[in-house]
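Worksheet: the structure to be examined is printed underneath.
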Amino acid sequence: MAPGRRCRSRFRAELQVIRLAQRLDHALERDCHADEQSAEYYTTALLAEIPASGDTVTVLSMGHPAPYLLHPGKVTQLEPTTPDPPLGTGLPEAAQDSTPDIFPLPPDATVLMLTDGVLEARNRHGTFYDPTATLTRRTGAHPKDIVDALVRSVSQWTDGERQDDLAVLALARTPASRQEADLAVRGQWTPTLLPLRAPNASPAPSPTNRNKQGF
C-alpha cells in the first residue's frame, strides 16, 4: 500500500473508533439519566479495529485493561498513550478528546483482549493473577489454544473459584502465503455433498462431473 493511502486508512480508522466511542458514551448517559436508580452506572470499554491490510491494530481504551500483543517469543501489553475514563462517567473528557493508539501487527502475531475478571483473579494468598507467563509459553499457538490455556490457568490460580465474570478474545494475523496454502488444502479436500434424491427423481450427477462444472 502506498504511504499516502496508508495514512488515509489509519486516519479513517482513528475517526471510526472515536465516533463509535462517542456514540456509546452518549447512549449510556441517555439511558442512565432516564433511569434514576442507575445514575452512577458506568462501564469500561475497549475498541479495536484492524484494517483490511492487517498490518496494524487501532486501539482505544476507556478504563479497560490494555490488550496484549503476542509475537513468537515475546509478549507486550499495548498500554494507551493517554488513558481515557470509562464510558458513562459524565466527565467532559470521556470519549470526547480521545486519541486512539495504532500499533504494528506483524505476521504471526496475535492480539489478545481480556476483561478485568482475568487480571483481578486472586489466589488463596490474595495475590492478583498475571497472565504474562502463560501467554509467553504460547506465543505461537492457535488463538483457541491460547484462550483455553489462559482460562485454565486462571481457574488453577483461584483453585477453581469463579470470582468475577471473565471474557477473553484472541485474533491472529496469518501470513498471506499460509492463507493461500490453507485455502488450497481446504479446496482440495472439502468433500462434495450430493443432494438428496426424491422418489422417482433422476440420478444426481457424479462428484467428478460436479467438480468439473463448479470447482
- [ ] Kindly indicate which of THR115, THR158 is under 23 Å from SER61 (Cα atoms), out of contact with any helix residue (DSSP H, G or I) (no Cβ under 6 Å at 6 or more places or on another chain), surrounded by 15 or more Cβ atoms within 10 Å (Cβ to Cβ) and among the polar types (S, T, N, Q).
- [x] THR115
TODO: Residue by residue through region 118-139, note down the ones that are surrounded by 15 or more Cβ atoms within 10 Å (Cβ to Cβ), out of contact with any His (no Cβ under 9 Å at 6 or more places or on another chain) and touching a residue at least 60 places away in the same chain (Cβ under 8 Å).
DONE: PRO131, LEU135, ARG138
Task: Residue within region 143-150 that is of a type in the set (Gly, Ala, Ser) and free of Cβ contacts under 8 Å to residues at least 60 places away in the same chain present - done: yes
Open item on the list: Show the residue pairs meeting these rules: Cβ distance below 8 Å; 6+ apart or different chains; first residue within region 168-180 and under 20 Å from VAL59 (Cβ atoms); second residue small (Gly, Ala, Ser) and at pLDDT below 90.
Closed with: ARG173/GLY54
- [ ] List the helices (runs of 4 or more DSSP H) that sit entirely inside region 122-215 and contain at least 2 residues that are over 19 Å from ALA66 (Cα atoms), under 31 Å from the mean Cα position of the chain (by Cα) and modelled with pLDDT under 50.
- [x] 176-189
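The values are calculated or read from the model by the stated rules, or taken from the named source; none is laboratory data. Keep in mind that what you see is a predicted model, and the values were worked out from it rather than measured. Positions of Cβ are generated from backbone atoms using ideal geometry, with glycine treated the same way; all protein chains shown enter the neighbour counts.
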